[in-house]
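Enquirer: Pasting a structure below so you can have a look.
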Amino acid sequence: MKIKSTPLNDCYIIEPTIFEDDRGYFFEKYNEKKFEEVTGLNGHFVQDNISKSTYGVVRGLHLQKGEHAQAKLVSCLEGKVFDVAVDLREDSSTFGKWFGIELTSDNKLQLYVPRGFGHGFSVLSETAVFAYKCDNFYNKESEGGVLWNDVDINIDWQLPLENVILSEKDAVLTKFSEHNF
C-alpha cells in the first residue's frame, strides 16, 4: 500500500499493492497503523456507507460541521467516478482549492478526505457503487455543503452539463462565497 500526497493539505491518495494470479487478486485495502505512521493523522473509522448511482449523477459537495465533522476514506467498488475534495478550512493554505481523481473498480485507488473538507463525486460509468468510511457518526443537524457548480471553486466534473443529475437538496446548496466555515 502506497500513501501519496495531493496538492491539498492533509488529503491523500491510497494506492494498494495488488497481488494477482490465475485465481484472482488480493490486496490490503486499508491499514490504520501504516496510514497514521505516514500521515500523522488519526485514521480510525466508525461508520461505513455505500451508495449506488447512475451515469451523470453528481453527489455533493457535502460536509459535516462542528463536533460532527467527518474525515472520509472513499473508493469506487463498481464502475468509475470522478471524486472531488475541496479544502474548506479557513486556516489552511489550500483553502478554497479542489482536487479531483478518477476512482474505479479497476484502479482500486482510495482518497482520504480530511475533516473540514467538502466532498463530492460524479458518475462516469453506466452505474457506480461508491464506498465511504467515516471517522465520525453522521448527524443530520450538522449537514452542510457547497453548490456543485460554484463559479469560485470552478470544478470540472468531467461530464457534459446536459448529463448532470442532481438531488433536490444538492441543487440548492449555498455558494462558496456565502459560507462561514
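Enquirer: Starting at the first residue of region 85-101, write each ³J(HN,Hα) from the Karplus equation 6.51 cos²θ - 1.76 cosθ + 1.60 with θ = phi - 60°, in whole Hz, x for Gly and Pro.
Expert: The phi angles translate into 10, 10, 6, 10, 8, 4, 8, 8, 5, 10, 3, x, 9, 10, 9, x, 8 Hz.
Enquirer: Going by average Cβ density within 10 Å per residue, which order do the peptides 163-169, 140-146 take, highest to lowest?
Expert: Working: 163-169: 12.7, 140-146: 15.7.
Those peptides, ordered most packed to least, come out 140-146, 163-169.
Enquirer: Then there is this: With 10 angstrom as the radius, rank Ser5, Ser75 by how many other C-beta atoms surround their C-beta, starting from the fewest. Show your work: numbers first, answer last.
Expert: Values: Ser5 12, Ser75 23.
Lowest count first: Ser5, Ser75.
Enquirer: Related question: Got a sec? How would Cys11, Cys134, Cys76 order by Cβ neighbour count within 10 Å, fewest to most?
Expert: Working: Cys11 24, Cys134 18, Cys76 27.
Lowest to highest Cβ neighbour count: Cys134, Cys11, Cys76.
Enquirer: Another question about this same structure. Would you mind getting me the FRET efficiency between Leu41 and Glu126? Use the beta-carbon distance for r and R0 = 25 Å, nearest 0.05.
Expert: On the way: r = 35 Å, r/R0 = 1.39.
Efficiency for this residue pair is about 0.10.
Enquirer: Could you work out how much longer the chain between Asn49 and Ile13 gets when fully extended? Use 0.36 nm per residue separation minus the Cα distance between them, nm to one decimal.
Expert: Working: separation 36, 0.36 × 36 = 12.96 nm, distance 1.91 nm.
Stretched fully, the Asn49-Ile13 segment lengthens by 11.1 nm.
Enquirer: For region 80-109 and region 43-71, write down the distance between their C-alpha centroids in whole Å.
Expert: Computed from Cα coordinates, the inter-centre distance equals 12 Å.
Enquirer: Here's a follow-up. Run lengths n ≥ 4 of DSSP H only: what is the helix-derived mean residue ellipticity at 222 nm for the chain, with -39500 (n - 2.57) per run over all residues, to the nearest 500? Don't skip to the answer; put the middle values down first.
Expert: Values: 2 runs with 12 residues, N = 181.
Helix contribution divided over all residues of the chain: -1500 deg cm²/dmol.
Enquirer: In addition: If you place +1 on the Cβ of every Lys and Arg and -1 on the Cβ of every Asp and Glu, how big does the dipole about the Cα centre of the chain come out, in debye to the nearest 20? Mind dumping the intermediate values first?
Expert: On the way: 19 positive and 29 negative charges, 40 e Å.
Charge dipole, the chain, about its Cα centre: 200 debye, nearest 20.
Enquirer: For region 45-178, taking Cα atoms only, what is the radius of gyration to one decimal and the Dmax to the nearest whole Å?
Expert: Rg and Dmax of region 45-178, Cα atoms, are 13.8, 39 Å.
Enquirer: OK, next. GNM, the chain, Cα, under 10 Å: largest mean-square fluctuation among Phe26, Phe95, Phe45?
Expert: Phe26
Computed from the coordinates by the stated procedures, all read-outs in this text should not be read as laboratory data. Just so it is clear, the structure is predicted and the values come from calculations on it, not from any experiment. In this analysis, Cβ positions are derived from the backbone assuming ideal geometry, glycine residues included, and neighbour counts consider all displayed protein chains.
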